[in-house]
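The values are calculated or read from the model by the stated rules, or taken from the named source; none is laboratory data. Keep in mind that this is a model prediction, so the values were computed, not measured. Glycine gets a Cβ as well: all are built from the backbone with ideal geometry, and neighbour counts include every protein chain shown. The accessibility values were calculated without ligands, DNA or RNA, using every heavy atom of the protein model including side chains. Shrake-Rupley method; radii C 1.70, N 1.55, O 1.52, S 1.80 Å.
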Amino acid sequence: MSTWKSPFILMVDRGECSFVQKVRNAQRSGATAVLIADDMCICSHGACQDDLSSGSGENFCEEEEPVMADDGSGSDISIPSFLLFKEDADPIKSVLYKNENVRVQMGFSVPAPDSRVEYDLWTSPADSITRELQEDFLTAVSALSDHAFFTPHMYIYDGVNAGCHSEEGEDLCLDLCSNHGRYCSIDIDENSGATGAEVVAESLRRICIWQEYGKDNGIGLQWWDYVKEFTERCDSGAWEDEGMVFSDEECIATAMEAAGVKKSDIDECMEKSGGVTGDNANALLDKELSDQETTGVVLTPSLYVNQATIRGFLNFQTTFKAICAGFAHGSEPPICQECGSCPDERGCVERGKCSSGSSLGTIMGANGNATISTNWFLASLAGAIVLFSVIGYVHFRRQEAYMRNQIRGVVAEYMPVGAQNSTASTSLALDDEENEGQMHTFPTPDSELS
């Protein structure tokens, strides 16, 4: 087949390298879109069963459709890509093998911004990256009000697929999982030292708090308050001397009370969903696993605004800017109009206006927080310039005086003896500022002889 000039749609077989690498290679070769042909059929598909029974296909199939998602390294990819089922890809490949053209139309939906932004955060109680964001973003949530709809998700691992749940119902992964190995999480080594099972339990607790206080309005102020209180009280090591640690029931109850959360309702929600101790499924945790697979989340933390992945460090500034950018033009809420382009977004949201003590804004630190105002920085810079100018001038005058003294000494050594006595008309006033600009005359050997 002859080489195609760009633009063209490239079809490649699924193989050993990742989806991201395949699409990146296709983009570099000039493709404007990529079709990845699956090399294994789905066992539940009728065509796959026919192939297996007839012996015309491979002798193996896969139980579930593979998830085609960014592995975190695809920020340089700008072309669309699709994964085709084997039974859909084979007819296209048979035509291509005949060196015949195939015309393909690709269609996909894109986020349509409106007057309300939906944003989802995939995180975990073991996540330290977004801890500061979850503690501080409450002010933005309140300011955005019902203009934005938030949904938190707890990232957990499927212990059944990971082999942590045996056929006899035993937990094969020790303390990393709950429900006899059905739901798992990483443990926390620092500060609280919580196990994976305790992280799963706290994940379920936060899901229930959201179900009770945030599911309907997408705001959930109590959820944000609880996360902040729990982090400060039970997950920072501050109360460790008093026995207040990650899974301490007293600490959890104290955090709930401070956040205005009714503990009995949350405990009931956790038990009704299936709990975390028995050898049984939990409905809420199963839903998180299902949403995780549907969304294609492979990395945490992950932020989605209007179903679009937000890249970069997830701090207050990044999240707030992404949400404000998600509104349709002209429908931005007042807080976005005021603070969306303010250099100090966090301070602006807290004050309700973009005023950092100067009309020029603030200098931002490495963590995204405002450090000093620009006016103060410029004033300090100007003061430093004046100070060094004065020091430089004083040094210059001293050097000038020193050089004058040196020149006077040299001239005095070579001056004729008679001239040294004629001080009235040949005085050297090199360092007399009153005589600056006057012409000085010196006797010559000829005048002396005359």
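In segment 141-160, how many residues are open to solvent by 30 Å² or more (accessible area, probe 1.4 Å) and either among the basic types (K, R) or under 16 Å from I186 (Cα atoms) (or both)?
The qualifying residues number 3.
Residue-by-condition table, conditions (1) open to solvent by less than 40 Å² (accessible area, probe 1.4 Å); (2) on the phi < 0 side of the Ramachandran plot; (3) among the β-branched types (V, I, T):
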site: E64; (1), (2), (3): no, yes, no
site: D71; (1), (2), (3): no, yes, no
site: G74; (1), (2), (3): yes, yes, no
site: K98; (1), (2), (3): no, yes, no
site: V102; (1), (2), (3): no, yes, yes
site: D127; (1), (2), (3): yes, yes, no
site: T139; (1), (2), (3): no, yes, yes
- In the list Y213, Y183, Y226, which residue meets the criterion of being open to solvent by 40 Å² or more (accessible area, probe 1.4 Å) and either closer than 21 Å to L144 by Cα or at pLDDT 90 or above (or both)? Y213
- Message: Of everything in segment 77-90, what is open to solvent by less than 70 Å² (accessible area, probe 1.4 Å) and out of contact with any strand residue (DSSP E or B) (no Cβ under 6 Å at 6 or more places or on another chain)? Give them in sequence order.
- Response: I77, F85, K86, E87, D90
- Item | Test for V297: is it in contact with a strand residue (DSSP E or B) (Cβ under 6 Å, 6 or more places away or on another chain) and under 20 Å from D127 (Cβ atoms) | yes
- Can you name the number of the only condition in (1) open to solvent by less than 60 Å² (accessible area, probe 1.4 Å); (2) modelled with pLDDT under 95 that V200 fails? (2)
- Could we say that P301 is within 14 Å of the chain's Cα centre (by Cα) and in contact (Cβ under 8 Å) with a residue 60 or more places away in the chain here? yes
- Note on the structure: Taking segment 72-89 and keeping only residues that are touching a residue at least 12 places away in the same chain (Cβ under 8 Å), within 27 Å of S44 (Cα to Cα) and either in contact with a Ser or Thr (Cβ under 9 Å, 6 or more places away or on another chain) or not in a loop (DSSP other than H, G, I, E, B) (or both), one is left with S81, F82, L83, L84, K86, E87, A89
- Query: Would it be correct to say that T151 is modelled with pLDDT of 90 or more and assigned to a strand (DSSP E or B)?
  - Reply: yes
- Item | Residue count for segment 19-46, restricted to those that are surrounded by fewer than 15 Cβ atoms within 10 Å (Cβ to Cβ) and either in a loop (DSSP other than H, G, I, E, B) or in contact with a strand residue (DSSP E or B) (Cβ under 6 Å, 6 or more places away or on another chain) (or both) | 5
- The helices (runs of 4 or more DSSP H) lying wholly within segment 248-364 that contain at least 2 residues that are of a type in the set (S, T, N, Q) and open to solvent by less than 70 Å² (accessible area, probe 1.4 Å) are 263-273, 283-295, 316-325
- Query: In the set E100, E118, which member is touching a residue at least 12 places away in the same chain (Cβ under 8 Å), of a type outside the set (A, V, I, L, M, F, W, C) and either farther than 22 Å from L10 by Cβ or not in a strand (DSSP E or B) (or both)?
  - Reply: E118
